[in-house]
1. Is it the case, given these coordinates, that residue 110 is part of a strand (DSSP E or B), in contact with a helix residue (DSSP H, G or I) (Cβ under 9 Å, 6 or more places away or on another chain) and either free of Cβ contacts under 8 Å to residues at least 12 places away in the same chain or under 25 Å from residue 22 (Cβ atoms) (or both)?
2. Residue 165: surrounded by 17 or more Cβ atoms within 10 Å (Cβ to Cβ) and under 30 Å from residue 322 (Cβ atoms), yes or no?
3. What are the pairs, 6+ residues apart or on separate chains, where a residue within the stretch 54-83 that is assigned by TED's automatic domain parsing to the domain that holds residue 13 and under 17 Å from residue 20 (Cβ atoms) has its Cβ under 7 Å from a residue that is at pLDDT 95 or above and surrounded by fewer than 13 Cβ atoms within 10 Å (Cβ to Cβ)?
């Protein structure tokens, strides 16, 4: 409740009044566009606690509670409450929807329940030059043109299992050894570029065996490289981890973005985007050519899913190890340092 939590992308709500709902630590939230501004509000009616909205859509300028028709504008101000005239305890000005802090970084929407939280921009400033050439804020999700694209996935394992699995490539040439993507990388070149447990910001990279390697069915980009990349960028696979719930894979032609949320001690939800330049998405052959690429990505992800499920089962054992961390898992130590500091702070509060 005191951390900056990534909840999605700005292109998910492109038009005035567009919204999507999400639950964070049991709190139903609606993220809505009002003009050029993006807001995050409680999705719980101030009258009897009914959920105002679920899923996504366009609010047409207002949110109307389906229970008693209390009505709020896009900024959460109560603008209508039928049959409340003469009720002495009713004060419309005091019944706005509670709001959260919102910050946008690289087109990613972050929210924070703590209105005194330090600005996200200062925390992520060290990442800016690392990701600058990708211009991630200008990229768009393939879901913007593919109505069949699935963004949200629910899983039966603890979020830290997923966070750790996405934050290391020790397993990549083992679990994914049969994929063209892994055959394209030089794992001996893996290095930790940025390890900052205080900020919860981590990056690592690897050199590819050939230019423009990417996650698909051939291991090499089938679409043009992002035009602002240098040749060195196109030879390098870069990974970014932002605690507690963001992973990005920066590739020559696209960026994979994963945001996850705990929904219970042994359950979680993932929001998955693959981001491309608008010019790539506008190609008339994009969906047709991308079909094989997307299928290959699903095979890759499903291999991870099997492993994460196995770890969840295994960690319930009295024999579950707490083994050493490999030199190819540098982010894991940093993530645990970041998390431990917050556990200690919560315990002493």
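1. Details: part of a strand (DSSP E or B): yes; in contact with a helix residue (DSSP H, G or I) (Cβ under 9 Å, 6 or more places away or on another chain): yes; either free of Cβ contacts under 8 Å to residues at least 12 places away in the same chain or under 25 Å from residue 22 (Cβ atoms) (or both): yes.
Considered against the rule, which asks whether it is part of a strand (DSSP E or B), in contact with a helix residue (DSSP H, G or I) (Cβ under 9 Å, 6 or more places away or on another chain) and either free of Cβ contacts under 8 Å to residues at least 12 places away in the same chain or under 25 Å from residue 22 (Cβ atoms) (or both), residue 110 comes out as yes.
2. Values: surrounded by 17 or more Cβ atoms within 10 Å (Cβ to Cβ): yes; under 30 Å from residue 322 (Cβ atoms): yes.
In short, yes.
3. 58/15
Table: residues versus (1) outside the structural domain of residue 212 (by TED's automatic domain parsing); (2) in contact with a helix residue (DSSP H, G or I) (Cβ under 7 Å, 6 or more places away or on another chain); (3) free of Cβ contacts under 8 Å to residues at least 12 places away in the same chain; (4) within 18 Å of residue 157 (Cβ to Cβ).
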residue	(1), (2), (3), (4)
232	no, no, yes, no
264	no, no, yes, yes
268	no, yes, no, yes
283	no, no, no, no
291	no, no, yes, no
323	yes, no, yes, no
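Matching residues to (1) surrounded by 11 or more Cβ atoms within 10 Å (Cβ to Cβ); (2) modelled with pLDDT of 95 or more; (3) under 23 Å from the mean Cα position of the chain (by Cα):
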residue	(1), (2), (3)
250	yes, yes, yes
255	yes, yes, yes
265	no, no, yes
278	yes, yes, yes
285	no, yes, no
308	yes, yes, yes
322	no, no, no
330	yes, no, yes
346	no, no, no
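One line per residue, one yes/no per condition, for (1) outside the structural domain of residue 69 (by TED's automatic domain parsing); (2) surrounded by fewer than 18 Cβ atoms within 10 Å (Cβ to Cβ); (3) in contact with a strand residue (DSSP E or B) (Cβ under 8 Å, 6 or more places away or on another chain):
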| position | (1), (2), (3) |
| --- | --- |
| 27 | no, yes, yes |
| 40 | no, no, yes |
| 44 | no, no, yes |
| 47 | no, yes, no |
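The values are calculated or read from the model by the stated rules, or taken from the named source; none is laboratory data. As the structure is a prediction and not an experimental result, all values here were calculated from the model. Here Cβ is always computed from backbone atoms with ideal geometry, including for glycine, and neighbour counts include all displayed protein chains.
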